[in-house]
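Accompanying notes for the structure given below.
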Amino acid sequence: MTVATGPGEGTLSAPGFAEEALPWLDAVYRFALRLTGGDTAEAEDLAQETFLRAHRHWHTYRRGTGARAWLFTITRNTFLRRLERLARRPEVTQTDVGFDIGDVSPTDIFDKDVALPDREFFDSFIDEEVIRAVEALPTEFREVVVLSDVEGLSYAEIVEVTGLPLGTVKSRLFRGRRQLQRALYEYAVEMGYVRGGTS
């Protein structure tokens with residue numbers, strides 16, 4: 001994905017921007033993709049807006065202090081502002097979306113500390129199934145799971161990006177991983193890859 005500047009934005013030539021911010025373009029897009037539930041068009045728009053905002057406010061960034069976390073913060077805040085704007089619009093009914101909202105169930109991600117009988121199977125799960133399960137997570141769990149387990153941010157960096165207390169970050173990460181673990185385990189049982197429960 002490329003970043004284009006809008007009218008009056010000029011070029012992405014702020015001192016240090018290309019060196020510190022642009023290397024994180026793919027990571028920002030991946031984060032945006034997970035936040036938007038896999039909607040590529042929305043993710044591209046969100047990533048583009050993130051970099052336009054970052055360029056516009058580059059003078060507020062302290063060089064060398066972690067552009068990735070700073071960019072993720074902008075991405076998240078931009079995403080949340082979009083959700084707020086959507087929430088103020090008229091409610092969309094079930095007939096408008098063409099499917100039963102009740103059929104959409106939340107799911108979750110791996111807890112590295114949990115020992116399961118078929119752990120080897122989970123380690124080899126196809127990426128697409130994991131992505132689908134991550135995208136099905138409620139937003140508050142999905143963002144911390146993606147920041148931690150996909151992007152590799154530390155607790156401190158996640159706190160910085162989300163503005164949440166450390167305890168909340170840990171709790172959401174734990175719950176999100178549990179939900180994802182259950183979702184993938186249920187999928188494995190359903191597909192006959194592992195046996196569920198005890199006979």
Among region 13-35, those whose backbone N falls under 16 Å of a label point 7 Å along Cα→Cβ from SER154 are none
Starting from the residue with the highest accessible area, list TYR155, TYR61 in decreasing order, probe 1.4 Å. TYR155, TYR61
Backbone HN-Hα couplings from phi across region 29-39 [Karplus 6.51/-1.76/1.60, Hz, Gly and Pro as x]: 5, 4, 5, 4, 4, 6, 4, 8, x, x, 7
GLU140/GLU190 FRET efficiency (R0 22 Å; Cβ-Cβ; nearest 0.05): 0.25
Accessible area, probe 1.4 Å, largest first, for residues SER148, SER154: SER154, SER148
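The values are calculated or read from the model by the stated rules, or taken from the named source; none is laboratory data. Treat the numbers as computed from the prediction; the structure is a model and nothing was measured. Positions of Cβ are generated from backbone atoms using ideal geometry, with glycine treated the same way; all protein chains shown enter the neighbour counts. These accessible areas exclude ligands, DNA and RNA; they are computed on the full protein's heavy atoms, side chains included. Shrake-Rupley method; radii C 1.70, N 1.55, O 1.52, S 1.80 Å.
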